[in-house]
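Worksheet: the structure to be examined is printed underneath.
The values are calculated or read from the model by the stated rules, or taken from the named source; none is laboratory data. As the structure is a computational prediction, the values presented were derived from the model and not from experiment. For neighbour counting, all protein chains shown are included, and Cβ atoms are generated from backbone atoms with ideal geometry for every residue, glycine included. Quick note on the areas: whole protein, heavy atoms, side chains included, nothing else; ligands and nucleic acids left out. Shrake-Rupley method; radii C 1.70, N 1.55, O 1.52, S 1.80 Å.
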Amino acid sequence: MPAPSSSSPVMPPVARDATPAAAPPGTPTGSTPGPPPVPTTGTNRSRGAAAGIGAAVPTGIPAPADPPDVTPATPGATGAGAGTTVAPPAGEVALPADLAALRETAIGVLRANDLGDITRPSPTLYPHQWLWDSCFIAIGLRHLDPARAAAELLSLLRGQWPGGMIPHVIFAETSDYYHAGPQRWRCDRVCTTAGGVQSTGVTQPPMIAEAAVRVGEAMSRDERVTFYRRLVPGLMRFHEWLYRERDPDDTGLVTLVHSWESGMDNTPTWMEMTKPVAPRTVRALRRINGDDALDALRRDSKEVPPDERLTSADLFTLYRIVRELRRSRYEFRTIRNTFVPLVQDVAFNAILVRANEHLVAIAEEAGFPVPRWLARSMRRTRAAMNDLWSDGLYLSRDFRTGGLLPHPTIASFLPLYAGVVPDSEVDGMVEQLMSPRYWAKYGIASVPTDDPAFLPRCYWQGPVWVNMNWLIADGLDRYGRREAADAIRRNTVDVIRSSGSMFEYYSPLDGSGAGSNRFSWTAALLVDILATHPPR
Ligand code: 9WN
């Protein structure tokens, strides 16, 4: 991979507080020291990124004033000037004019969503900080401003719970409405976070170590070690928490307690587990008034049409599960005795396998020992992924029954990213991925196109997601399947280019964008792909 520029003239590095954390502990202990120092570069501001991306740098891109999150997609529209090549900023590769313009659009989205040292996923739909979003965002930001990218990751530690959990959402100080805000969680009744911020009571896929490695690649050795020393103690405690709290039976696989933890909220695998626990009132209302009555009650679909999001019945069921988690004080030993669906999610555990490898490497570079018990748990996860293998693919597992959940989705391919698929099985998986069942005209569907649950523009029920493409392509690179990986990346760039906007997801059938149209991780991963694998 070409070394990313650490001094792009588009967005030169902004000076940041680089105070190193305490020196690494000299003696191995059963657990890592905590709580780690949290970054002091600012608070989760709601607006006006004084020290944010390119704040001091005129780029010629006006900062947009929060337009609505959604405008109609125009499939087929491309930027002007295709065919010519634009001289690149120093250290960057030359891009055709239309892609250079698309990159500028992506940077504009990242800037508009920048809240200082966090980036909201989208201006109106998601006005706070999300765990795995920040990781994908940092992977893109490293090409623009590595220090800012590092701050994005360090700021996640502000939300860390005393037990080690890093929450899925860290609430920004904003009055912008979010449908599952602090009042739904009341986590302040259970604990105080490291940085005194409000958060949700569940986590999200552990992408931090991957993002940290990518950001580290864009830094000098000294900068990198300083960054890792600040990050590793908290990150290690997070991985320890995942095992201690979420794999108490030592199965090797971590168990999730809410579909929001998977990041794939309404994927059919999870919805099958979720639907049976719908609140009685929801069932009654649907019986009497159909879905319309429920649709009128929901508040997450004001900017995005409800048919691009999960159904109202499913949404109210997810709220019910949050209520039960709250009653259980978010403790797994209590939660496991409730009705809450419990899933050993294949994608989450695949991401964990890779994150563990990265954590070991960066802890070593920063001089922190990995506790022996944690290293053993990490090995157990890698081995336990075999238990999820079924008929040429991998499936999630019901924690209670031990049965595999019979719904293959895009998540089934993430073991390729983890690197746990035996080489003899890789081509078979690639063949499935490239078959029309998954790979429709405009890209890889998140649910097989022949599945009764498939809906091309509905959230995690069918659309193409840029982060999934990025993860699978990365895994295929490491398996030496460069052609397939490049095809996925090319396709990703094409679908974004054909819509002209940074949509949250895209229809695999006609390439139209859906969900938010100013979505940060689409923008950030596009910046990354264009920098690391420019189209030839
Ligand atoms: C709930 C922020 C998040 C992503 C998830 C995506 C969606 C939230 C929501 O948005 O979930 O966490 O309100 O729908 O499913 O992957 O992290 O972009």
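Here are a few things to note about the model shown:
- With a requirement of 1 or more residues that are open to solvent by 30 Å² or more (accessible area, probe 1.4 Å), the helices (runs of 4 or more DSSP H) lying completely within the stretch 378-479 that satisfy it span 423-434, 466-478.
- Restricting the stretch 366-377 to residues that are assigned to a helix (DSSP H, G or I) and of a type outside the set (D, E, K, R), the residue that is farthest from Ser262 (Cα to Cα): Ala366
- Phe227 vs. criteria crowded, with 24+ Cβ neighbours inside 10 Å, among the aromatic types (Phe, Trp, Tyr) and touching a helix residue (DSSP H, G or I) at 6+ places or on another chain (Cβ under 6 Å): yes
- Filtered residue count, the stretch 330-365, keeping only those that are open to solvent by less than 10 Å² (accessible area, probe 1.4 Å) and in a helix (DSSP H, G or I): 15
- Among the candidates Ala278, Ala209, Ala293, residue that is out of contact with any strand residue (DSSP E or B) (no Cβ under 8 Å at 6 or more places or on another chain), more than 30 Å from Leu455 (Cα to Cα), small (Gly, Ala, Ser) and away from the ligand (no atom under 16 Å from the Cβ): Ala209
- Qualifying residue in the stretch 305-325 (condition: open to solvent by 30 Å² or more (accessible area, probe 1.4 Å), over 17 Å from Trp260 (Cα atoms) and among the basic types (Lys, Arg)): no
- Any chance Glu210 is touching a residue at least 60 places away in the same chain (Cβ under 8 Å) and open to solvent by 30 Å² or more (accessible area, probe 1.4 Å): no
- Test: Asp188 is within 16 Å of Asn113 (Cβ to Cβ) and either within 14 Å of the ligand (Cβ to nearest atom) or exposed (fewer than 15 other Cβ atoms within 10 Å of the Cβ) (or both): no
- Extreme residue, farthest from Asp250 (Cα to Cα), among residues of the stretch 360-381 that are charged (D, E, K, R) and free of Cβ contacts under 8 Å to residues at least 60 places away in the same chain: Glu364
- Subset of the stretch 495-511 [part of a loop (DSSP other than H, G, I, E, B), open to solvent by less than 10 Å² (accessible area, probe 1.4 Å) and either within 16 Å of the ligand (Cβ to nearest atom) or of a type in the set (Asp, Glu) (or both)]: Phe503, Glu504
- Inside the stretch 512-522, residues that are away from the ligand (no atom under 12 Å from the Cβ) and either surrounded by fewer than 23 Cβ atoms within 10 Å (Cβ to Cβ) or under 15 Å from the mean Cα position of the chain (by Cα) (or both) make up a count of 1.
- Residue match in the stretch 317-334 (condition: in contact with an Asp or Glu (Cβ under 6 Å, 6 or more places away or on another chain) and within 24 Å of Pro276 (Cβ to Cβ)): yes
- Checked against the criterion of being over 19 Å from the mean Cα position of the chain (by Cα) and within 30 Å of Ala194 (Cβ to Cβ), the candidates Asp292, Asp265, Asp300 yield just one match: Asp300.
- Against the list (1) of a type outside the set (D, E, K, R); (2) within 16 Å of the ligand (Cβ to nearest atom); (3) under 23 Å from the mean Cα position of the chain (by Cα), the condition Gln344 fails is (2).
- In the stretch 291-301, the residues that are assigned to a helix (DSSP H, G or I) and either within 20 Å of Gly403 (Cα to Cα) or open to solvent by 10 Å² or more (accessible area, probe 1.4 Å) (or both): Asp291, Asp292, Ala293, Asp295, Ala296, Leu297
- Criterion violated by Arg111 - all others in (1) surrounded by 24 or more Cβ atoms within 10 Å (Cβ to Cβ); (2) more than 9 Å from the ligand (Cβ to nearest atom); (3) not aromatic (Phe, Trp, Tyr) satisfied: (1)
- Residues of the stretch 175-185 that turn out to be out of contact with any Lys or Arg (no Cβ under 8 Å at 6 or more places or on another chain), within 16 Å of the ligand (Cβ to nearest atom) and not charged (D, E, K, R), as a count: 5
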